[in-house]
Every structure is written in C-alpha cells, then in structure tokens.
Amino acid sequence: MSSQRIQPPALLFIEGDLTIRRVQELKDVLLARLAQSQALEVDLAGVTEIDTAGAQLLLMARRAAQASRKELRLGACSPAVAALFALLRIE
C-alpha cells in the first residue's frame, strides 16, 4: 500500500470589481499564484461587478491551468458572477 500526501489548493480571494479596469492587475496576480501551486481555488464571493473582460480572464486562467496540467477551481460566486456565468453559459 502506498499513499500520497495531497495538498489543499491555494486560495485566491477576488473582491470588488472584476472588470476591464482591473483585468491586467488581476491577470498578473492570478497567473503568478497559479505558477506557484499545483491547484488554485479562486473565491469570487466578494466580486461586486463583473464584465465580459473579467469572464474572459477567468476562462484564460482555466486554459492556462489545463495547459500546464494544473487545477483551477472557481469557488463561491457572488450574485453578479453567477448572473453573468448563467448568461454566458459558463460552468
């Protein structure tokens, strides 16, 4: 029998706007945290506003994680995030 130590994912909390005004700043943070971890959970419960640029950033991060064989999870979503995800049919 063998066992592997499973590390919990790193957590990243995004609060406030997730809009075009902050995309570059958040992209740098998101990619840096993803590079440091095998798994990253992004908590979106504190996001007060999100636009399509914010959604595009999250989809780009998901693709980057898949390309590097890492895991990216979207955790709790605020009502604003849930509404946009439903509109765009993002799961």
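Given the Cα-Cα distance of Gln7 and Gln56 and 0.36 nm per residue of separation, how much length would full extension add, in nm?
Answer, rounded to one decimal: 14.8 nm.
On full extension of the chain, what length is gained from Arg89 through Gln24, given 0.36 nm per residue of separation minus the C-alpha to C-alpha distance?
21.0 nm
Give me the net charge for the shell around Glu25: Cβ to Cβ below 14 angstrom, other residues only, Lys and Arg +1, Asp and Glu -1.
Details: positive: Arg21, Arg22, Lys27, Arg33; negative: Glu15, Asp17, Asp28.
Around Glu25, the charge tally is +1.
Counting only residues 5 or more places away or on other chains, whose amide H sits under 5 Å from the amide H of Asp43 once H atoms are built in the peptide plane?
Answer set, sorted by chain and number: Leu12, Phe13, Ile14, Gly75.
Which value in nm describes the separation of the simple spin-label points at Ala64 and Ala39, placed 7 Å from the Cα toward the beta carbon?
2.0 nm
Bear in mind that the values in this text are calculations on the coordinates, not laboratory data. Quantities reported herein were computed from a predicted structural model and do not represent experimental measurements. All Cβ positions, glycine included, derive from the backbone under ideal geometry; neighbour counts span all protein chains shown.
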